[in-house]
1. Do me a favour and compute the ellipsoid semi-axes for the range 1-66 from its Cα gyration tensor, root of five times each eigenvalue, largest one first, whole Å.
2. At residue 126 and residue 97, where each label point lies 7 Å from the Cα along Cα→Cβ, what is the point-to-point distance in nanometres?
3. For the range 69-118, what are Rg and Dmax over the alpha carbons, in angstrom?
4. Using the alpha-carbon centroid of each, what span in Å lies between the range 99-133 and the range 74-88?
5. Grab the Cα-Cα distance for residue 114 and residue 71, subtract it from 0.36 nm times how many residues apart they are, and report the gain in nm with one decimal.
6. Just rank 25, 57, fewest to most, by other beta-carbon atoms within 10 angstrom.
7. Counting each pair of different Cα atoms once, what's the Kirkwood radius of the range 1-123 in Å, rounded to one decimal?
Amino acid sequence: MTTNRVTGVLTGVLITALIQSSSATTVMVVSFVNAGLLTLTQSIGVIMGANIGTTVTAWLISALGFKVDIAAFALPLLAFAIPFFFSGKSSRKSFGEFVFGFAFLFMGLQNLKTNAPDLGANPDMLAFVQNYTDMGFYPLSYSF
């Protein structure tokens, strides 16, 4: 799916639309390059497609006014992957592991969405950030 730049971009758009996270797509692509599954040239198209996919997804959500709950796909994906995961054939087992990974990615994104606090609504956090907004890069020097 990454034989040329166009299919690489389309792959990036599709993966980002499915998992609704260009950051997760980029992390996966970097991991694939590190493992030698993709070349650097192929990865550029996929990452560009991921960025395009994020933009298109945002436009669709704002235009249509709905958002797909990706966690609803996690358990059916796990059930779908179990026979492949325990298959004796290595290609089927690899496919099962791939689907397991996506299912756990979906569950993790849902977990972050529901359990991470909304920092923008926290007045203490807003006051903390406002103390450092007028300082430019000076607070970064505290870490050195």
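1. On the way: eigenvalues 106, 27, 10 Å².
They are 23, 12, 7 Å, listed largest first.
2. My value for the distance between the label points is 4.8 nm.
3. 12.8, 45
4. Computed from Cα coordinates, the inter-centre distance equals 29 Å.
5. Details: separation 43, 0.36 × 43 = 15.48 nm, distance 1.09 nm.
So the extension gain works out to 14.4 nm.
6. Values: 25 26, 57 19.
Least to most surrounded, the residues fall as 57, 25.
7. On the way: mean 1/r = 0.0632 Å⁻¹.
This gives a value of 15.8 Å.
Read-outs: derived from the displayed coordinates by stated rules, not from any lab. What you see is a predicted model, and the numbers here were worked out from it, not measured in a lab. Every residue, glycine among them, receives a Cβ derived from its backbone with ideal geometry; neighbour counts consider all protein chains shown.
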